[in-house]
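Derivation of every value follows stated rules applied to the coordinates shown; laboratory data play no part. Please read all numbers here as calculations on a predicted model, not as lab measurements. Cβ sites come from the backbone with ideal geometry, for glycine too, and all protein chains shown count toward neighbours.
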Amino acid sequence: MPEGPLTVSPGPAHVPTPPPLSGLAPAAVPGVAALCLASCRDGADASPPSAAPAPRSGFFARRRPGRPGLAVFVNAGDPPLARLPELAAMLDDSDVDCLELAVPFPDSVTDGPVIRRSADRALAGGVTCEAVLAAVAAVRPGLRRLRIALLADWSHTVRDRDLGDFARAVAGAGCDGLLLHGLPPRLRTAHHEAARLAGLPLVTTCYAVSGPATVAEAAARASAYLYLVAHYGRSGTTAAPDRDRLARTLATLRATTRAPVAVGFGIRTRADIAALEELGADAAVVGSAGVARIEQALTRRRDPVEEFASFVAELRRPIAPNRTDEGWDR
């Protein structure tokens, strides 16, 4: 999630399909910390089930005009895992709909330095998947509104586990959804079935520039929410989203999926969130900008939960009418 200002420029006449992970150096791989890259590839499943549009609910049910949904990304363990009860309670009281909580993993090829350093801090603190699920189970009963979507990396966290056992553990801990990062296409059907049997809603993903087959599959498979990645690039980097293309993809998704559509990658400010609402998004996902505030607090020996609370308050502060000097270029 970028730290620099967003600008918007006309999209190219031809947009290539996002390249697969295999064989690419980290700097060449586009992505996002909350991105399940396997679901961004065209044609991975032959015929995804159809999904008729219906009123949106679930993670962003409280969305209303002028109040789009909001998800924030945090690596579990950064702030320290012992602070998760305070962090979750603060978010629950701060008009945040979803905590996208990542089980930390090293050397992510889809993340920029801010989120990579965050994961490294969490891992240095000894955070494991079991510890994260135990922490979620402890805080979940006390939450009134906040939902928790777990992000786990297949290679680091799930590879040696049975998919059914993992889905049951995630659901049993009280997680409201799961985004499985880097899942091999050959395991996607088994993953979907495991989640269905566990009663665990799934987050699916696609790019704004994904082909029709990928967009249709993401729309059909989403049962928690659909994460729409605004543009290429690693998290925490700056790029120029194609505003028109993003609006077209949002229109297609809103007409074909029951799940809410959340847009991320490059969302840093309240004005960015308002711009997304104008384009038709149900919610925004904010990552690197918030994680950077946690890092700054730790570096300056300030309270990271208090600093994150200040950041969230900035995101939720009302925008004055007719303001055009913030966020995406209009």
| said: On the Cα set of segment 75-234, report Rg and Dmax in Å, please. | reply: 15.4, 43
| Say each of Ala134 and Ala255 gets a label point 7 Å from the Cα, pointing the same way as Cα to Cβ; how far apart are those two points in nm? | 5.1 nm
| remark: So, with points 7 Å from each Cα along the Cβ direction, the Arg161-Arg248 label distance in nm works out to 4.0 nm
| remark: Loop-resident trypsin sites (Lys or Arg not before Pro) in segment 148-220 with no more than 16 other Cβ atoms inside 10 Å, DSSP not H/G/I/E/B, are Arg159, Arg161
